[in-house]
Amino acid sequence: MGETDIDRILDPDSVAVVGASTDETKRGYQAIQTLQNSGYDGDIYPVNPNADEIRGLTVYPTVSSIPARVDLALIVTPAPIVPDVLEDCGDTDLAGAIVVAVGFSESGADGEALEEEIVSIARENDIRLIGPNTSGMINVHRGLNLVGADIVPEGNLALLCQSGNMAIGLFTEAADRDGAGFSHYVGVGNESDLHFDEYLPFFVDHDETDAVVLYVEGMEDGRAFLETTSQVTTDLPIIALKSGRTEAGKQSASSHTGSLAGDSRVADAVYRQAGIVTVDRSDELLPVSRALADLPAASGTNIGILADGGGHATLAADALVDRGLDVPRLGDATQTTLQNHLPDAASIVNPVDVAGGTDDDPSVFFDCAEAIAADPNVDALLLTGLFGGYGIRFADEYTDVETRTAERLATLVDEYDIPVVVQSAYEGFDTEAHEVLRAHGIPVLQSLEVATSCLDALSTYGTHLETADTKSDFTLDRDEPAPSESLTSALKAGHDTLSEYESKELLDQNGVTVTPYRLATSADEAVVAFEAFDEPVAMKVVSRDIVHKSEADGIALDVDSPTVARNQYHELLDAARSYDPEAELDGVLVSPMREDGIEVIVGTVDDQQFGPVEMFGLGGIFVEVLEDVGFRGLPLTEADARALVDDIEAQAMLDGARGDPAVSREALVELLVDVSDLVASNPAIAELDLNPVLAGPDGVEILDASITLESREEVAKRNLVATGGVDDE
């Protein structure tokens, strides 16, 4: 879809209202009324075969009968009529249509078929669809209100939303705050045609939009969204609230990775990777979005705190540190400056507590704030306590002083290129000082938690801007699948898993480090393998049908003699046959024992929304108990892999707990990138599970591996016939 088309949809010069009505209670009447009352400066064409005039406008029987070009159609007819409307629109130069009606894919099989029909008609006629099941669309600066919302304040935020009620909530919240407002609203609805990602390039080039706000329940094409946002977020902040966070994630009986890849955790991780700032609460969404739209991003994680009370100072420090931000010690020069302005009882290290030093003169706030902002160790400033309320708390004569101080505080943002956020117990009183701060884009908030959320977002976004060129662009190059005889033969045979032996063979052939291994298909071969390693070995049954070998008593450890190796070979196969009489047994895998190191897990899974993602965390017995794991979307760069290692909470274990040597982080990064390259180039790999991987100071070794393949049908869909040797029949 060309740029001109999306311009005509989101910034149309003419709108047809299909289903226009003379009944004032109907949406078809109210839509025209709202357009006229909102001051829409384009042409409005009512469409109804049974009317001649509505609100002074000529009514046309069909869209195709309108004697001028129409950019956008608002279709408010019942769902069954929509196909006929779109067929008629096919004879016009219509760019897009908003389908308001419900009764499509959200309502069952019949509705899904109807949705497929309207999408097919639209695509045949080069018409793009918003919806169906949408509240509509608004271009606030043009007066184009195709929703009917009463109060939508004008501003610099574009809102893409999957809930009409959530949008109304944000509209009313913005109307209650000075300076908050919107440039556009799009109710994306079912995303039958136009998807989240396709709107974003328009807003990058839109002068009146400084940030995009998302409320997301699910996405039709999450991978395309990541590809687009990874390019867009360097120019335009995107803030997302994802609902359904407690919904059970995808479950998989075949791997730890699948069972741990809950939808919300994956979404949060890949959003951050693409540069999207996420919030957890609805009351954070608008303040965080305004902060990112109006303020410069923080260049780091160091926050200076200026408070007029010890309680606020302590709570602020706790809240910031809980979010992973830092409260650094201020430099000596800064402390000297603060001493010159504050009483001896003041705390000047950080947090800075003025200890009554502003009670008689609120202008001292600026002197202290400027000293902190100028400190090279400070990336952002939080002012917390009572500022803006001194005229109420102490004496009315302080009101003018605070207002002048607010003007001076606002200059710090540009002078020192740092964001400033204010938390005040008097936020709800709408004082003049607060109005001044907001007019200059400085958030004034009553909640300390929301204020720290804004600072966290500003720091997160700043870090992304500095590292964006080192991150993945999420483009999968799958033209050259990695070579593997075992993978090829498994695909030919229609198998949906690889055995541990086949999995290690695939990894080994692609340069991924595994423990030395030999496949024994007889007791004699088991003895030969033991003698070849000349040290205690681990023996494991090999079967595509038995993934979790410990449950089948299919593992023997510390085998230390040829006799024990011979006996264990038979015992392992007997145990496997008892566990699953139908299982196909390929023999026993023999590897030298490995014990020194930290057990971690590395895995990949094909996420339903975002495609292949990679997981890393503590492995072995800890994986499902602690669930200390992180995720990134494939393909991983070295920077992505390093950030993934840094994501987990057990950093102390990686750094060497209780005198143990630190693991080689470079080896972990190399492993994560190698696995990413392997899976990214092989769409036939649905899941990969390496657990445990033993990480130590000298490198890593994969002790166990399991790979699940896509079905034969899915492989054929991906055109792997030529490259994978799969028959198409």
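Kindly provide the set of residues from the range 525-540 that are in contact (Cβ under 8 Å) with a residue 40 or more places away in the chain and surrounded by fewer than 15 Cβ atoms within 10 Å (Cβ to Cβ), ordered by number.
Residue satisfying the conditions is E535 alone.
For H312, all conditions in the list (1) buried (at least 23 other Cβ atoms within 10 Å of the Cβ); (2) closer than 18 Å to N377 by Cα; (3) in contact with a Ser or Thr (Cβ under 8 Å, 6 or more places away or on another chain) hold save one; what is the number of the exception?
Unmet condition: (2).
State which residue pairs qualify: first residue in a strand (DSSP E or B) and inside the range 597-614, second residue at pLDDT 95 or above and hydroxyl-bearing (S, T, Y) in any location, beta carbons under 6 Å apart, and separation of 6 or more residues or different chains.
P612/T604; E614/T604; E614/S676
Looking only at the range 437-449, count how many residues are surrounded by 18 or more Cβ atoms within 10 Å (Cβ to Cβ) and either in contact with a strand residue (DSSP E or B) (Cβ under 8 Å, 6 or more places away or on another chain) or part of a strand (DSSP E or B) (or both).
Qualifying residue count, the range 437-449: 7.
Which of the numbered conditions does V679 fail, given that it passes all the others? Conditions: (1) of a type outside the set (S, T, N, Q); (2) at pLDDT 95 or above; (3) surrounded by 23 or more Cβ atoms within 10 Å (Cβ to Cβ); (4) not in a loop (DSSP other than H, G, I, E, B).
Here V679 clears every test but (2).
What number goes with the only condition from (1) buried (at least 21 other Cβ atoms within 10 Å of the Cβ); (2) outside any strand (DSSP E or B); (3) in contact (Cβ under 8 Å) with a residue 60 or more places away in the chain that L465 does not pass?
With (1) buried (at least 21 other Cβ atoms within 10 Å of the Cβ); (2) outside any strand (DSSP E or B); (3) in contact (Cβ under 8 Å) with a residue 60 or more places away in the chain applied to L465, the lone miss is (1).
Criterion first (under 30 Å from G155 (Cβ atoms), crowded, with 24+ Cβ neighbours inside 10 Å and in contact (Cβ under 8 Å) with a residue 24 or more places away in the chain) does H434 satisfy it? Give the steps one after another, and end with the answer.
Values: under 30 Å from G155 (Cβ atoms): yes; crowded, with 24+ Cβ neighbours inside 10 Å: yes; in contact (Cβ under 8 Å) with a residue 24 or more places away in the chain: yes.
Answer is yes for this residue.
If you scan the range 497-545, which residues turn out to be under 18 Å from A583 (Cβ atoms) and assigned to a helix (DSSP H, G or I)?
Passing the criteria: E500, Y501, E502, S503.
Somewhere in the range 564-580, is a residue in a strand (DSSP E or B) and of a type in the set (A, V, I, L, M)?
In the first step, residues of the range 564-580 are kept if they are in a strand (DSSP E or B); the result is none.
No, there is no match, as no residue in the range 564-580 is in a strand (DSSP E or B) and of a type in the set (A, V, I, L, M).
Just the residues that are outside any loop (DSSP other than H, G, I, E, B) and either farther than 16 Å from D308 by Cβ or touching a Pro at 6+ places or on another chain (Cβ under 8 Å) (or both), please, taken from the range 322-354. Don't jump to the end; show me each part of the working.
Pass one, the range 322-354, residues outside any loop (DSSP other than H, G, I, E, B): 322, 326, 332-341, 347, 352-353.
The answer is D322, D326, D332, A333, T334, Q335, T336, T337, Q339, N340.
Being in a loop (DSSP other than H, G, I, E, B) and at pLDDT below 95, is that true of even one residue in the range 370-384? First the steps, then the outcome.
Here is the first cut: in the range 370-384, the ones in a loop (DSSP other than H, G, I, E, B) are 375-379.
Checking which are at pLDDT below 95 leaves us with none.
For the range 370-384, residues in a loop (DSSP other than H, G, I, E, B) and at pLDDT below 95: absent.
Listed here are the residues, each with its yes/no results for (1) aliphatic (A, V, I, L, M); (2) within 20 Å of T405 (Cα to Cα); (3) surrounded by 16 or more Cβ atoms within 10 Å (Cβ to Cβ).
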residue	(1), (2), (3)
R290	no, no, yes
L295	yes, yes, yes
A298	yes, no, yes
G324	no, no, no
D332	no, no, no
L342	yes, yes, yes
G356	no, yes, no
D367	no, yes, yes
A371	yes, yes, yes
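Among the numbered criteria (1) more than 20 Å from S486 (Cα to Cα); (2) surrounded by 20 or more Cβ atoms within 10 Å (Cβ to Cβ); (3) within 22 Å of the chain's Cα centre (by Cα), which one does N691 miss?
Unmet condition: (3).
Can you find a residue that is more than 16 Å from L465 (Cα to Cα), assigned to a helix (DSSP H, G or I), of a type in the set (V, I, T) and modelled with pLDDT of 95 or more anywhere in the range 285-304?
Yes, that holds for at least one residue.
Which ones in the range 438-459 are of a type in the set (V, I, T) and touching a Gly at 6+ places or on another chain (Cβ under 9 Å)?
To start, the set of residues in the range 438-459 that are of a type in the set (V, I, T) comprises 442, 444, 450, 452.
Of everything in the range 438-459, just one residue is of a type in the set (V, I, T) and touching a Gly at 6+ places or on another chain (Cβ under 9 Å), namely V444.
Select, from D13, D5, D84, D71, the only residue that is modelled with pLDDT under 95 and closer than 26 Å to H195 by Cβ.
Details: D13 fails: modelled with pLDDT under 95; D84 fails: modelled with pLDDT under 95; D71 fails: modelled with pLDDT under 95.
When all the criteria are applied, what remains is D5.
Go through the residues of the range 120-130 one by one and say whether even a single one is in contact with a helix residue (DSSP H, G or I) (Cβ under 8 Å, 6 or more places away or on another chain), surrounded by 22 or more Cβ atoms within 10 Å (Cβ to Cβ), farther than 24 Å from I44 by Cβ and in contact (Cβ under 8 Å) with a residue 24 or more places away in the chain.
no
Residue-wise test of (1) in contact with a helix residue (DSSP H, G or I) (Cβ under 6 Å, 6 or more places away or on another chain); (2) among the aliphatic types (A, V, I, L, M).
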{"site": "P443", "(1), (2)": "yes, no"}
{"site": "Q446", "(1), (2)": "yes, no"}
{"site": "H495", "(1), (2)": "no, no"}
{"site": "E502", "(1), (2)": "yes, no"}
{"site": "L507", "(1), (2)": "no, yes"}
{"site": "N510", "(1), (2)": "yes, no"}
{"site": "A529", "(1), (2)": "no, yes"}
{"site": "D534", "(1), (2)": "no, no"}
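So for the range 411-425 (the condition being more than 28 Å from G300 (Cβ to Cβ), exposed (fewer than 15 other Cβ atoms within 10 Å of the Cβ) and either within 34 Å of the chain's Cα centre (by Cα) or not β-branched (V, I, T) (or both)), does at least one residue qualify? Walk me through it before giving the result.
At the first step, the residues of the range 411-425 found to be more than 28 Å from G300 (Cβ to Cβ) are 425.
Still in the running and exposed (fewer than 15 other Cβ atoms within 10 Å of the Cβ): none.
The answer is no, given that none of the residues of the range 411-425 is more than 28 Å from G300 (Cβ to Cβ), exposed (fewer than 15 other Cβ atoms within 10 Å of the Cβ) and either within 34 Å of the chain's Cα centre (by Cα) or not β-branched (V, I, T) (or both).
Would you mind stating whether L690 is touching a Lys or Arg at 6+ places or on another chain (Cβ under 8 Å) and in contact (Cβ under 8 Å) with a residue 24 or more places away in the chain?
Numbers: touching a Lys or Arg at 6+ places or on another chain (Cβ under 8 Å): no; in contact (Cβ under 8 Å) with a residue 24 or more places away in the chain: yes.
Considered against the rule, which asks whether it is touching a Lys or Arg at 6+ places or on another chain (Cβ under 8 Å) and in contact (Cβ under 8 Å) with a residue 24 or more places away in the chain, L690 comes out as no.
So R658 clears everything in (1) free of Cβ contacts under 8 Å to residues at least 24 places away in the same chain; (2) on the phi < 0 side of the Ramachandran plot except one condition, right? Which one?
(2)
May I ask you to list the residues in the range 3-34 that are in contact with a helix residue (DSSP H, G or I) (Cβ under 6 Å, 6 or more places away or on another chain) and in a helix (DSSP H, G or I)?
Within the range 3-34, I6, L10 qualify.
The values are calculated or read from the model by the stated rules, or taken from the named source; none is laboratory data. The shown structure was predicted, so the numbers you read here are calculated from the model rather than taken from an experiment. Heads up, the Cβs are rebuilt from the backbone with ideal geometry, glycines too, and the neighbour counts pull from every protein chain shown.
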